[in-house]
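The values are calculated or read from the model by the stated rules, or taken from the named source; none is laboratory data. Just so you know, these numbers come straight off a predicted model, no measurement behind them. All Cβ positions, glycine included, derive from the backbone under ideal geometry; neighbour counts span all protein chains shown. Just the protein is used for accessible areas: all its heavy atoms, side chains included, with ligands, DNA and RNA removed. Shrake-Rupley method; radii C 1.70, N 1.55, O 1.52, S 1.80 Å.
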Amino acid sequence: MPLLSTPALPAGSMAALTQPELSAQDLLLRPWRPADRRTVVAGYADPTIQRWHCRSMTHDEAGDWIAAWSSRWSGETGAGWAVLAAGHVVGQISLRRVDLAEGLAEVSYWVLPEARGRRVAPRALSAVTAWSFDTLRLHRVELCHSTANKASCRVAQYAGFTLEGTKRAEGHHIDGWHDMHLHSRLDNDG
């Protein structure tokens with residue numbers, strides 16, 4: 001069925017690019033590597049990460065998760081970066097959903113316990129958001145988190161994301177349905 005409006009970005013806009021490494025002050029964001037598997041397993045074994053991301057991961061599943069990111073990039077459905085501080089992976093950030101026709105992406109992130117409290121997530125989020133606007137040319141980047149996840153709310157606010165509202169009972173977590181905050185930044189927010 002033909003669209004009556006022009007897509008915000010044409011198909012191929014993302015796949016034509018090489019996934020970059022991004023700097024965020026003293027952090028480096030780079031594509032995932034097979035050697036990162038142990039860190040991914042450790043991340044998804046952390047109780048706080050499990051609480052909000054609702055999953056654990058075996059060694060083999062972590063390998064599959066890492067390998068899937070290159071296909072998601074070429075398929076223009078997502079992009080994942082390992083977040084490094086002083087040469088060690090301390091977290092992840094991803095465009096977990098990309099819709100080029102609508103010019104938008106949704107982000108997801110986590111930080112390992114030893115790196116929390118150092119503003120790793122907001123710095124990584126700011127870097128990915130800037131790249132999404134400046135290079136990929138998206139119009140909107142959004143994130144959702146449980147209203148009970150106060151730390152994620154602070155990350156969004158620190159990175160300049162506007163709280164748009166609450167999506168009632170939208171996220172299914174281990175302890176039941178959670179209301180979710182929706183935050184966003186637009187390419188012209190400044």
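Tally up the carbon and sulfur contribution to the accessible surface of segment 36-143 as a whole percent, 1.4 Å probe, everything protein left in place. For segment 36-143, the apolar C and S fraction of the accessible surface comes to 47 percent.
Positive-end ranking of GLY176, GLY165, HIS88 along the dipole of the chain, with charges on Cβ about the Cα centre, is headed by HIS88.
Can you give the extra length, in nm with one decimal, that the chain gains between ILE174 and THR58 once fully stretched, where that is 0.36 nm per residue apart less the Cα-Cα distance? Display every interim value, and only then the final one.
Values: separation 116, 0.36 × 116 = 41.76 nm, distance 1.87 nm.
Separation in residues times 0.36 nm, less the Cα-Cα distance, equals 39.9 nm.
Working from Cα pairs under 8 Å separated by at least six residues, relative contact order for segment 56-190 is 16 percent. The convex hull of the Cα atoms of the chain, projected and averaged over all directions, covers 11.5 nm².
For the peptides 164-170, 124-130, residues were scored by their other Cβ atoms within 10 Å and the scores averaged per peptide; the highest-first order is 124-130, 164-170. Think of segment 92-190 as having a plus end and a minus end, set by charges on the Cβ of Lys, Arg, Asp and Glu; of PHE133, ALA121, THR147, ALA121 sits farthest toward the positive end of this dipole.
Surface analysis of segment 44-190 yields an accessible area of 47 Å² per residue, using protein heavy atoms and a 1.4 Å probe. A simple count of charges around TRP69, restricted to other residues whose Cβ falls under 15 Å of its Cβ and scoring Lys, Arg +1 and Asp, Glu -1, yields +1.
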